[in-house]
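The values are calculated or read from the model by the stated rules, or taken from the named source; none is laboratory data. Because the structure is a prediction, the values reported are computed rather than measured. Cβ atoms come from the backbone with ideal geometry, glycine included; neighbour counts cover every protein chain shown. The accessibility values were calculated without ligands, DNA or RNA, using every heavy atom of the protein model including side chains. Shrake-Rupley method; radii C 1.70, N 1.55, O 1.52, S 1.80 Å.
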Number of protein chains: 2
Amino acid sequence: MTEATPGRRGGRQLPTADELRIWRDFIETTAALGSRLESRLQGDSSLSTGDYSVLLALSEAEGQAMRSSELASHIGWERSRLSHHLGRMERRGLIRRQESATVPRGAEVLLTTAGAEAFRGATFPHLRAIRELFVDALTPEQIVAAGEIATALRARLDVPRAQ
Amino acid sequence: MTEATPGRRGGRQLPTADELRIWRDFIETTAALGSRLESRLQGDSSLSTGDYSVLLALSEAEGQAMRSSELASHIGWERSRLSHHLGRMERRGLIRRQESATVPRGAEVLLTTAGAEAFRGATFPHLRAIRELFVDALTPEQIVAAGEIATALRARLDVPRAQ
DNA sequence: TTAGCATCATTGACACGTCAACCGGTAGGT
DNA sequence: ACCTACCGGTTGACGTGTCAATGATGCTAA
C-alpha cells in the first residue's frame, strides 16, 4: 500500500496544502471545543476541567482519598502540575492534604465534603455539555471514526521518534 | 434516520459509557498532540505555536506589517490575548509596535528581521512535525474523516445554544 | 556506618489565557 | 459646544502549565 501510492509515504517531507488545511481545522477546532467545555463547566459549577479530573478520581477512590503520586499517574499529570493544582484546590476547600499515616513519605489527598458536593453538582451539566457539543454534533459513524483517529494519533505519540 | 434509531437523538440526556470513553480518548489525545507539537517547535526554534501564528500572519502580510486588530481577527485571537503576546514577542525582538502614521488610533505591528529569521528557521521543522505526528499517523481516509469531524464540531460550536 | 542514589513531593520563575477594568480618541446626537 | 457611547488597545489580577532546582526520605553498596 505504501508502495502502491507513490509519494504518499515515501520521500516527501512536508504536508500538502490540503493536509495542512485539515490539520489546522482539526487542531484549532478541538482546542476550541476544549475551551468551550471548560467555560461551560466553569459557568455551571465554578470548577475547571482540571478540578473535575481530580475530583472524579478522588470520588471513585476508596475512602475518597489517594496518594498524590497515585493520583498523578491515574489522571496522567506530572507531579509538579498536580502539586500546584492541589495547592489551589486546597485553598478553595475542595480537597485536603495530610501526611500519610501508613506510608512514611506519602502525601494523602482527600476529598472534603465541599469537594464531593461540588463534584456532584458539576457532573450532570458537564456530561450534558459533552453530549451537546461532541456526541450530538457527530453522526454515530463519525464518533467511531473519532475514536479510531484518537487511537492512531495516540499510538504515534507513544513512539516519539520512531523513524 | 433520527427516527429509525430510537433513543439516539431523542430524550436521552447523557452520553453512553462508550461515547464517554471515546470523548475522553479524543479530547485528551488531541490535547496531547497539541502539546507535543508545541514542545517540538520550542525545541527546534525557541518559538511557541502562538509566536508561529503571529509570525506566519506577518510574513504573509504586505510590508510585513498589520494593524493589531486586523492581526487579531486574522488569527482568531482576542485583542487582550494578542496584546499580551505581542508584549512578550516585542521583548524578545521578534516584532515591533508603532503608532500608525496613517490611521490615528491604529497600532501597527511589524516583523523585525530577527522575527523573519526565526520564522524561516521554524517553518520546515514545524511542518515536518505536523507530517510525522498527524499526517503519517493516519490513513488518507482518516485524514478526510478528521476534516469532516472538525467541520461538524465547528458547526456546533458556532451555534452555542441552538436547541 | 555512611556515601551516594533514586523517589515523592514541593517550590519558584516564567510563559500563556481569560476576564474585567481602564484609557484615549472619534463619532453622533442634542 | 458638550455629553455620551463606542472602538482600539492596554493593563492588572489571577488561574493554569512547564521546567529546573530543592527538600526530605528511604535503599543500597562501599
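Structural remarks
- Cα long-axis angle, helix B:79-91 against chain B (0 to 90 degrees, to the nearest 10): 50 degrees
- Counting only Cα atoms, chain A measures 63, 38, 23 Å along its principal axes, largest extent leading.
- Three principal axis extents of the protein assembly as shown based on alpha-carbon atoms, in descending order, are 62, 49, 44 Å.
- Label geometry 7 Å along the beta-carbon vector: A:Arg81 inter-copy distances in nm: 1.9
- The C-alpha atoms of chain A define a longest principal axis, and helix A:49-60 lies at about 60 degrees to it.
- Within the protein assembly as shown, helix-based [θ] at 222 nm, where runs of 4 or more DSSP H residues each add -39,500 (n - 2.57), nearest 500: -20500 deg cm²/dmol
- For the pair A:Ser80 and A:Leu110, a Förster radius of 25 Å applied to the C-beta separation gives a FRET efficiency near 0.75, rounded to the nearest 0.05.
- For B:Arg92, the shell of other residues with beta-carbons less than 15 Å away shows a net charge of +1, using +1 for Lys and Arg and -1 for Asp and Glu.
- Beta bridges assigned by DSSP with both partners in the protein assembly as shown are antiparallel in approximately 100 percent of cases.
- Other residues lying with their Cβ under 10 Å from the Cβ of A:Leu138 contribute a combined charge of -3, Lys and Arg counting +1, Asp and Glu -1.
- Inter-part distance where segment B:13-40 and segment B:98-160 are each reduced to a Cα centre, Å: 20 Å
- Across the copies of the chain, B:Glu99 has label points (7 Å from Cα along Cα→Cβ) spaced 6.3 nm apart, shortest distance listed first.
- Buried accessible area, chains A and B (both chains, 1.4 Å probe, Å² to nearest 100): 5700 Å²
- Against chain A, whose longest principal axis comes from its Cα atoms, helix A:140-158 is set at around 80 degrees.
- More than 19 Å apart - percent of Cα-Cα pairs taken over segment A:33-122: 36 percent
- Accessible area of chain A belonging to carbon and sulfur atoms, whole % at 1.4 Å probe: 51 percent
- Accessible area per residue in Å² at 1.4 Å probe, computed on chain A: 54 Å²
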